[in-house]
1. Taking the range 197-237 as the region of interest, how many residues are open to solvent by 10 Å² or more (accessible area, probe 1.4 Å) and in contact with a strand residue (DSSP E or B) (Cβ under 8 Å, 6 or more places away or on another chain)?
2. Collect the residues in the range 174-186 that are in a loop (DSSP other than H, G, I, E, B) and free of Cβ contacts under 8 Å to residues at least 40 places away in the same chain, keeping them in residue-number order.
3. Exactly one of (1) modelled with pLDDT of 95 or more; (2) at negative phi is unmet by SER170. Its number?
4. Would you point out the residue of the range 191-204, among those that are out of contact with any His (no Cβ under 8 Å at 6 or more places or on another chain) and in a helix (DSSP H, G or I), that is farthest from PRO262 (Cα to Cα)?
5. Which one is nearest to VAL270 (Cα to Cα), of the residues in the range 205-248 that are among the basic types (Lys, Arg) and not in a loop (DSSP other than H, G, I, E, B)?
6. So which pairs qualify, if the first residue must be in the range 77-97 and closer than 15 Å to THR141 by Cβ, the second must be in a helix (DSSP H, G or I) and basic (Lys, Arg), the Cβ gap must be under 8 Å, and the two must be at least 6 apart or on different chains?
7. If you check VAL77 against the conditions, is it closer than 25 Å to ARG260 by Cβ and assigned to a loop (DSSP other than H, G, I, E, B)?
Amino acid sequence: MSRRPIIYARPLLAALAAVTVLTATAAATPGKDAPAPAAAATASATLDDTYYASAVGKSGTALKAALHTVIKSQTKVSYSQVWEALKDTDEDPANPGNVILLYTGESRPEDDNGGNVGQWNREHVWAKSHGDFGTATGPGTDLHHLRPADVQVNSIRDNKDFDNGGSQVSGAPGNYTDADSFEPRDADKGDVARMILYMAVRYEGDDAWADLEPNEKVDNGSAPYIGKLSVLKEWSQEDPPSAFEKNRNEVIYTQYQHNRNPFIDHPEWVESIW
C-alpha cells in the first residue's frame, strides 16, 4: 500500500473542565471542528469516582475487561431510531437544523437523509460485514460508531479497513482510498480510531455477537476484525477528542444508550490497552 506524509494541522481544543459555553463558529465551510453546543459536560473526576470507578487504576487486559463490564450496560436503539438519534448526536452547533457529516465535515439539513445522491445516510464506522452483525439491534445500531455520512462517500468507504494511503476520494478532499483501505481526513482520524476501539471493548463475544478486535491487516473481509491497529493508535494520538466529539459522547450517554466511549474520556487508555 502506498503511503504519503501526513500533516496534522488541526489545533488542539481546550479540555472541558465542566460546563463550557461555546460561541465561536467555523470560519469557512461548517465542519466537525466547529465548536460543540453547550452540553452538560460530566466532570472527569466525577466519572472516575462513579462510572469508571471499577476501571481506574487498572491497565492492559485488566483495564479492557473492566471497561467492557462498565460499557456493556446500555439501552439499545433500533435501526430506524438511529435516524433521529443522529440528528441530535451530530447536530451542527452553528445550525441546529443540520448535521455534520463524517469524512467531509459538511453541514447538511438533518431531514435530507436517505439513500439518494446528495443525501446523508448511516455510516457504520466498524463495517457491519466485519463480524456479520448487519443492522440488527446491538452492534448494528450502536450509536458510538454510527455517524451521518454522504451517501456516495459512504459507498466509497464501503467495508474497507483503515490505513494511510491511496488516491484522494472524489468530492471528499483529504480522504484517501485504495483497493483494501480507507484513510479519513485528518479532522476525523481520531474519531474513527476511538470508535473502532470502543467497539473492540464493548463487543467481546459474550452476548451472542462476535468478538470484535482490531488487528494489523487491511483485508479482513467478513472476519470480526478491522485494521490497522498501529495506524489507529497513531490517529488517536495525533487527533485528540474535540469539543464536538465530547458533546456527542455526552448526548449518547444522557439521552440514548446511557453508556460512554471511554477513549473519549480517557484517550490515554488506548496505549494502556494496546
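The values are calculated or read from the model by the stated rules, or taken from the named source; none is laboratory data. Just so you know, these numbers come straight off a predicted model, no measurement behind them. Please note: Cβ atoms are built from the backbone with ideal geometry, for glycine as well, and neighbour counts cover all protein chains shown. We work out accessible area using only protein heavy atoms, side chains counted, and drop any ligands, DNA or RNA first. Shrake-Rupley method; radii C 1.70, N 1.55, O 1.52, S 1.80 Å.
1. Residues that pass the stated criteria total 15.
2. Residues satisfying the conditions are GLY174, ALA179.
3. For SER170, the exception is condition (1).
4. So, considering only residues that are out of contact with any His (no Cβ under 8 Å at 6 or more places or on another chain) and in a helix (DSSP H, G or I), the one farthest from PRO262 (Cα to Cα) is VAL192.
5. Restricting to residues being among the basic types (Lys, Arg) and not in a loop (DSSP other than H, G, I, E, B), the top hit is LYS233.
6. THR89/ARG248
7. Spelling it out, VAL77 is indeed closer than 25 Å to ARG260 by Cβ and assigned to a loop (DSSP other than H, G, I, E, B).
Here is a yes/no grid of residues against (1) open to solvent by less than 20 Å² (accessible area, probe 1.4 Å); (2) in contact with an Asp or Glu (Cβ under 7 Å, 6 or more places away or on another chain); (3) modelled with pLDDT of 95 or more:
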position: VAL56; (1), (2), (3): no, yes, yes
position: GLN74; (1), (2), (3): no, no, yes
position: THR89; (1), (2), (3): yes, no, yes
position: PRO109; (1), (2), (3): no, no, yes
